[in-house]
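Beneath this line is the structure, given in structure tokens, with notes to follow.
The values are calculated or read from the model by the stated rules, or taken from the named source; none is laboratory data. All of these numbers come straight from a predicted model, not from anything done at the bench. When we count neighbours, we look across all protein chains shown, and the Cβ atoms used for this are built from the backbone with ideal geometry, even at glycine. Protein only, heavy atoms only, side chains kept; ligands, DNA and RNA dropped before computing areas. Shrake-Rupley method; radii C 1.70, N 1.55, O 1.52, S 1.80 Å.
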Amino acid sequence: MAEEQQVIVVGAGPTGLLNALGLARQGVVVTVVERAPGLQDSPRAIVYHWATLDGLARLDLLDDARRAGFLKQDYAYRVRRTGEIIEYGLKSLEGKVRHPYNLHLGQGALAQVILRRLETFEHVRVLWGHEVTAVAQDAEGVEVTVRAAGAEKVLRAGWLVGTDGAGSKVRAETGLGFDGMTWPERFVATNVRFPDDRTGWAQSTFYVDYVYGAIIAKIDESGEHGLWRYTYMEDDALPAETAAERLPEFLANVFGEDVGQHTELVAMSPYRMHQRSASSYRAGRVLLAGDAAHATNPTGGLGLTMGLFDSYALNEALGAVIQGHADEAVLDAYAEARRRAFVEEASPRAAANKRMLFHSCDPVKLDQDLEVFRRMSRDPEFAAERLYFTKTLETPSLLAA
């Protein structure tokens, strides 16, 4: 069977599309396979940490992404039990890093930015409405069976990149484990418009409480009062299909009864949370990235952050292997480095973030945890040191001498 592409990427979220774009820029022929009929825009990641923006700039995407979203520096922790507000920002990074700010942009909007750029390459195609049903590989390549419009066909390529989410079919077909744990609670991510402009609230706010804890972040400036992401946690035993009926109670307990009753719900996405990692991010000619490789709760925004860092390292390394500029061993280095970054750094930090924000019933332990942020608010050098954590999750170029 003739190969029509050198790489097949399964999954058309930002991680998959970034891999496709990075490979396309190296002249690699790529086919992206996505089971959905088009880009999805359910509430998911919206904040891109400053450390990820260097990679977007290298791919010539940052200016377009900035125009589609907006930049911000401010953070705040609000403690329900005491009323304390701790504010800090990214100004402490100014003069130390190239992009001392975060980007706020819906995950679907970022995917659209990348897709528009991909469409300028003649050697890239995206197959919408194509569901992967089987994966097989041999010493020379990978065969991917897909179903579309009720019929099956087989695509073949030298390499396969699985970026098809935490329930990855690619990962399952390669027999890789997905070790870790699933949190007993459900997260509910919503896009809402408040009945006012939220004056006095930071554009990224962590509301600390073991019952009504929430992550509140501004998405964009559209509409009379703009669009905000409001993510909270509830008992997973409650029916997910009636989550919208319970939202006003959560809003009322955070913002007051009037806001709770008059907030407009634009979109809602209830989902289970995991701390899991694939047993390996490489299985022969199959490579994993993003949520297909690892899944984390979203507290602190480290999920897509890790997916972006995976993409930056992987597409450069895989392109070099395909073009004969690097040995396949660089792909083992990718798999080992990215798994280590998740298991040893990102996942423990995300778990700690969740426990502090949503399980803060021990006032002594909470006060100790919050002291870090109090110090960040008054000590710029300490703040810069703490904020540099996200940069440590990046894997430097694996092709460097």
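Between R355 and R272, full extension at 0.36 nm per residue minus the direct alpha carbon distance yields a gain of 28.3 nm. Within the listed set E385, E34, E241, the residue fluctuating most in the Gaussian network model of the chain (springs between alpha-carbon atoms under 10 angstrom) is E241. Pairing the Cα long axis of helix 363-378 with the longest principal axis of the chain, what angle in degrees results, from 0 to 90 and rounded to the nearest 10? Approximately 80 degrees, to the nearest ten.
Grab the Cα-Cα distance for E122 and D63, subtract it from 0.36 nm times how many residues apart they are, and report the gain in nm with one decimal.
Working: separation 59, 0.36 × 59 = 21.24 nm, distance 2.27 nm.
Gain on stretching E122 to D63: 19.0 nm.
Computed from Cα atoms, the angle from the helix 302-322 axis to the main principal axis of the chain rounds to 20 degrees.
Round to the nearest 0.05 the FRET efficiency obtained for R147 and D196 when R0 = 41 Å and r is the Cβ-Cβ distance.
About 0.30, to the nearest 0.05.
Stretching A252 away from E385 to a fully extended chain increases their span by 44.2 nm, per 0.36 nm per residue minus the current alpha-carbon distance. Note on I85 and V364: with the Förster distance fixed at 22 Å, the Cβ-Cβ geometry gives a FRET efficiency of about 0.60.
When the alpha carbon gyration tensor of the chain is reduced to an equivalent ellipsoid, its three semi-axes come out at 37, 23, 20 angstrom, largest first. Of all lysines in the structure, the ones whose alpha carbon falls short of 19 Å from that of K72, not counting any fewer than 8 places away in one chain, are K91, K96, K218, K391. Helix 107-118 versus the longest principal axis of the chain: what is the Cα-based angle in degrees, 0 to 90, to the nearest 10? Between the helix axis and the principal axis of the chain, the angle is about 30 degrees.
Solvent-accessible surface (1.4 Å probe) assigned to L238 amounts to roughly 70 Å².
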